[in-house]
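Everything below concerns the one structure shown next.
The values are calculated or read from the model by the stated rules, or taken from the named source; none is laboratory data. Owing to the predicted nature of the structure, the values given are computational and were not obtained by experimental measurement. When we count neighbours, we look across all protein chains shown, and the Cβ atoms used for this are built from the backbone with ideal geometry, even at glycine. Each accessible area value is taken on the protein alone, full model and side chains, heavy atoms only, with ligands, DNA and RNA left out. Shrake-Rupley method; radii C 1.70, N 1.55, O 1.52, S 1.80 Å.
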Amino acid sequence: MRYLLMLMYLTTFGIAGESGSAAVEHASYTGTWVGILAVAVFVVGYYFIATEEKYEINKAKPALFIGTFMFMLIGIYFAINGLNVDPLHSEMKHLILEIAEIFFFLFVAMTFIETLIERNVFDVLKYKLVSKGYSYKKLYWLTGLIAFFLSPIADNLTTALILSTVLFTIDKTNKEFLVPGAVNIVVAANAGGAWSPFGDITTLMAWTAGKGTFLDFMTLFPASIIGWVVTAWLLVKFVPEGKPPFSEQTDKVEVMKPGARVIIWLGVATIATAVLGHQFFHFPAMWGMMFGLSVLKLYSFRLKRTENESFDVFVNMQKVENDTLLFFFGILAAVGALHFLGFLAYIVDLYDVIGPTAGNMGVGFLSAIVDNVPVMSAVLKANPTMGLDQWLLVTLAAGIGGSMISFGSAAGVGVMGRLRGIYTFGAHMRYAWTIVVGYLVSMFVWYIQFQVLGLY
């Protein structure tokens, strides 16, 4: 069709950094009963999100509950104590704006993907790949490479959504191939997005905050690609031998439906509109995406009038993973509540205790648990005194650190929705050690490049 369609938003654009920096200063409530209770609710909800396989509960349900309930508790606390609610209202307005932009951005991206599926785009792509006789391992490396080099342009979330769809189209039942392949795509998309200001929202936040120039962030390329290659090399050992099942009679789909190529280019134009509108007019990225959706609807009307061939965009919308969208709503709201209560401020204490290098590396691990957007927002808001090398390090750590847990990054959450019941928290964690190794390798490469050789 950033991370063609991002979750493009969460990884490419977004106002999280802006809302974080613009939020009204308020007191800390970490030591109050509402702060303690809110953390307890978050931990319990996080547990049920992480164990959705065990209890067979969709991750969106506990996420949505804790995201809304935590703010209910804060409201009760303010009412009981007769506090001024203006800071709370201001925080919620920023949060609603952030969530709405992400929600609609994802909604349009997923609608484009569903439309491409309906037009047989991915079936044709599957035929071209599988009919060539590529093995599972070759397909694993191919999808990973595409993810790494596509995400700097299309953003990590969009890239992960597209390629996980390709993966699922190739073989819908072989979990031994799908799970390592999905992990590889998430890691590759996040790593590829980390070295491009357009590839990940955390990189965009650091860039727009003036922490480095466009070319400065590209110096993270060696650390990004080497870390991903190490993880991919470890993961490929779990990919089965052999080739995907293929029947010339039943799987032969060589021709896309009418209008498919135009829709692909409409997707590209939609991304370009979102990027250019954000950069030149400072529009929310979702505005360009919604414009692209309107053009897609008009094109469906034109196709029916000129070729008597149509597709119903509203029908395609019904197939969008609404649970993924609601999960984002819930988890972002929950993290927003923690931010308002003052818990994310503790992140910056890392720098006072263990120094910028270790602190920035720790941000990567924290990003996997909390989410890289609020973590990066907290770091930028605290604005510790650091040189370019350290700002690039925290950008790298936040960008790739979320890969360590399945829902630690937008790309991971998007793939969980696309490969529902296959790529889960438990399935991801079985291979998490390979991601940790790759993360540490990326940190080591950064150290050699920036601290030892000074190549930046």
ask   = In the stretch 149-162, how many are under 23 Å from D123 (Cβ atoms), modelled with pLDDT of 85 or more and open to solvent by less than 10 Å² (accessible area, probe 1.4 Å)?
value = 3
task = Could you look through the stretch 286-324, keep only residues that are touching a Leu at 6+ places or on another chain (Cβ under 7 Å) and at pLDDT 85 or above, and pick out the one that is surrounded by the fewest Cβ atoms within 10 Å (Cβ to Cβ)?
result = V295
ask   = Which residue out of M376, M386, M361 is outside any helix (DSSP H, G or I) and of a type in the set (A, V, I, L, M)?
value = M386
ask   = Given the conditions (1) closer than 30 Å to D171 by Cβ; (2) surrounded by fewer than 17 Cβ atoms within 10 Å (Cβ to Cβ); (3) not basic (K, R), and given that F283 satisfies all but one, which numbered condition is not satisfied?
value = (1)
key: Residue, nearest to V370 (Cα to Cα), within the stretch 305-349, restricted to residues that are under 24 Å from the mean Cα position of the chain (by Cα) and acidic (D, E)   = D323
ask   = So is F198 more than 15 Å from L393 (Cα to Cα), out of contact with any strand residue (DSSP E or B) (no Cβ under 8 Å at 6 or more places or on another chain), surrounded by 19 or more Cβ atoms within 10 Å (Cβ to Cβ) and modelled with pLDDT of 85 or more or not?
value = no
ask   = Only one residue in Y346, Y351 is at pLDDT below 85 and surrounded by 14 or more Cβ atoms within 10 Å (Cβ to Cβ), so which one is that?
value = Y351
request  = Tell me which residues, restricted to the stretch 295-310, are more than 23 Å from T273 (Cα to Cα) and touching a helix residue (DSSP H, G or I) at 6+ places or on another chain (Cβ under 9 Å).
outcome  = E309, S310
